[in-house]
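K.L.:
The structure's right below; bear with me while I get my questions together.
The values are calculated or read from the model by the stated rules, or taken from the named source; none is laboratory data. Only a predicted model underlies this, so the values are computations on that prediction, with no experimental measurement involved. Every residue, glycine as well, gets a Cβ built from its backbone with ideal geometry; the counts of neighbours run over all protein chains shown. Note: accessible area is taken over every heavy atom of the protein model, side chains too, but ligands, DNA and RNA are not part of it. Shrake-Rupley method; radii C 1.70, N 1.55, O 1.52, S 1.80 Å.
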Amino acid sequence: MRVGFPSVERRRALAAAALGREAGVPGPDPGDGAPLTAVAGEILDVSPHLIIIETVDGEEERLVIAPWATAWRGGDVAPADLPVGGRVMMRALRDGRVVERIWGDVTRMTGTIVSIDGRKDLSVELDCGSHRGRRTIVIPYRTTGRLRVRHPQFEPGYLFDAIGIRDQGESHALLPATSQPAYPAKSVPSPPPAYAGQQPRISGTATWADAFDEDERGAAYPMLERSDAGCPDAAVSCVGLPYLAIGSLLQVKNLCTTRSANVPIVACGCLAGRFCDRCVECGTSPRGRIIELSPSSFVELGGELTKGCFNAQIGLG
């Protein structure tokens with residue numbers, strides 16, 4: 001069950017008052033230099049030098065496309081070749097006015113395999129967690145081999161994680177986002193000895209999910225109280241994480257870019273907690289997903305959506 005930002009902000013203020021500390025402020029660390037800005041919307045018009053979008057709020061935005069900008073929509077494309085009417089997530093500089101990276105119609109498909117149908121193009125039903133429900137995706141025949149190499153246990157009960165695009169109402173899986181864990185989704189390895197409050201920061205993998213509002217800044221976190229999160233599958237992780245509540249503020253650092261931000265916990269990360277994998281974007285992270293970010297938060301921390309993860313450290317914000 002998702003919790004909106006007003007409720008999150010109230011919870012954070014109450015928690016800070018109860019603990020006798022100042023409530024943290026969400027947003028990027030001002031010491032990181034020029035900020036990156038995530039901008040999302042629907043393409044109204046696009047040329048080699050300019051993109052016009054309609055934002056979630058219904059506002060029209062005109063952004064300059066930098067000469068070095070790149071775009072992806074199922075593969076690398078020229079920004080001007082992105083289709084009008086498509087949804088885009090963009091990384092922008094200079095107060096969000098100059099675009100340097102565009103992802104078109106990108107989606108991430110993460111869940112437990114429920115069923116598989118088809119002989120060439122495969123239809124796969126995923127259980128995406130108690131708060132996200134079930135989702136049916138398509139694996140096109142041309143990408144089956146690539147995905148099966150990274151997902152050898154392609155059968156019900158095992159985890160699946162891929163990146164692709166939305167096309168004509170269907171979600172097409174194109175890139176494996178991780179190597180599939182060897183264990184069934186219900187057999188997550190036990191974490192190390194209980195968290196004792198002695199670790200100021202915890203290292204692991206940060207990923208992203210598209211089960212957030214399009215322009216939302218926030219995160220899903222595995223170790224929540226089930227009753228607090230309304231998520232009976234919460235509190236599962238192979239990482240020794242502390243219990244936190246909806247509304248808590250986490251300081252997240254991307255070890256690959258050294259960018260940091262205070263990000264509010266707005267949802268249950270029960271599915272992320274079942275992946276005891278590693279990120280190898282800059283070195284090799286310790287095992288386990290410690291946070292699942294909204295696309296906007298992931299992009300503003302310097303993450304590449306098509307790579308799917310970055311090595312991260314988290315601490316209380």
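K.L.:
Test of understanding: what is the full-extension gain from Arg134 to Asp213, defined as 0.36 nm times their sequence separation minus their Cα-Cα distance?
P.N.:
This chain segment gains 26.7 nm when fully extended.
K.L.:
A follow-up question, please. Counting DSSP beta bridges with both partners in the chain, what percentage is antiparallel, nearest 5?
P.N.:
Rounded to the nearest five, the antiparallel share is 85 percent.
K.L.:
Also, quick follow-up: Please work out whether the stretch 178-243 counts as rounded, prolate or oblate from its C-alpha gyration tensor, where a ≥ b ≥ c are the square roots of the eigenvalues and a/c under 1.5 means rounded, while otherwise a/b larger than b/c means prolate and anything else oblate?
P.N.:
Rounded, since a/c falls under 1.5.
K.L.:
I've got another one for you. For the stretch 18-124, what % of the accessible area comes from carbon and sulfur atoms, probe 1.4 Å?
P.N.:
That share works out to 50 percent.
K.L.:
Rolling a 1.4 angstrom probe over the protein heavy atoms, how many square angstrom per residue are accessible across the chain?
P.N.:
Here the per-residue accessible area is 45 Å².
K.L.:
How far is it, in nm, from the label point at Ser123 to the one at Glu42 when both lie 7 Å from their Cα along the line to the Cβ?
P.N.:
Inter-label distance under the simple model: 2.7 nm.
K.L.:
Taking a ≥ b ≥ c as the square roots of the Cα gyration tensor eigenvalues, with a/c under 1.5 meaning rounded and otherwise prolate when a/b beats b/c, else oblate, which class fits the stretch 158-317?
P.N.:
Taking the square roots of the gyration eigenvalues as a ≥ b ≥ c, the stretch 158-317 is rounded.
K.L.:
Same structure, new question: In percent, what relative contact order does the stretch 135-198 have, based on Cα pairs under 8 Å that are 6 or more apart in sequence?
P.N.:
Rounded, it is 35 percent for the stretch 135-198.
K.L.:
Using a Gaussian network model of the chain whose springs link C-alpha atoms within less than 10 Å, name the residue from Ser237, Ser260, Ser123 with the highest mean-square fluctuation.
P.N.:
For the chain, modelled as a Gaussian network with Cα springs under 10 Å, the answer is Ser123.
K.L.:
Another question about this same structure. Under 4.7 Å Cβ to Cβ, no partner at all: give me those cysteines from the chain, in residue order.
P.N.:
Unpaired cysteines in the chain: Cys128, Cys270.
K.L.:
When the scattering of the chain is computed by the Debye formula from its Cα atoms alone, each counted once and equally, what is log10 I(q)/I(0) at q = 0.13 Å⁻¹?
P.N.:
Log-scaled intensity ratios, in q order: -0.96.
K.L.:
Which of Leu305, Leu82, Leu271 moves most in a GNM of the chain, Cα contacts under 10 Å?
P.N.:
Among Leu305, Leu82, Leu271, the largest GNM mean-square fluctuation belongs to Leu82.
K.L.:
Using Cα centres only, tell me the gap between the stretch 23-101 and the stretch 295-311 in whole Å.
P.N.:
Spelled out, the Cα-based centre of one part sits 14 Å from the other.
K.L.:
Still on this structure, please answer the following. Between Arg287 and Val114, how many nm apart are label points set 7 Å from Cα along the C-beta direction?
P.N.:
Placing both labels 7 Å beyond Cα along the Cβ direction yields 2.9 nm.
K.L.:
Separate question: Just to verify a number: FRET efficiency for Ala34 and Asp81, C-beta to C-beta distance, R0 = 30 Å, to 0.05?
P.N.:
The computed FRET efficiency comes out at 0.60.
K.L.:
So, one more: Compute a Gaussian network model of the chain, connecting alpha carbons closer than 10 Å, and tell me which residue from Ser248, Ser187, Ser294 fluctuates the most.
P.N.:
Comparing Ser248, Ser187, Ser294 in a Gaussian network model of the chain, the most mobile one is Ser187.
K.L.:
Can you give the relative contact order of the chain as a percent, counting alpha carbon pairs under 8 Å and 6+ residues apart?
P.N.:
19 percent
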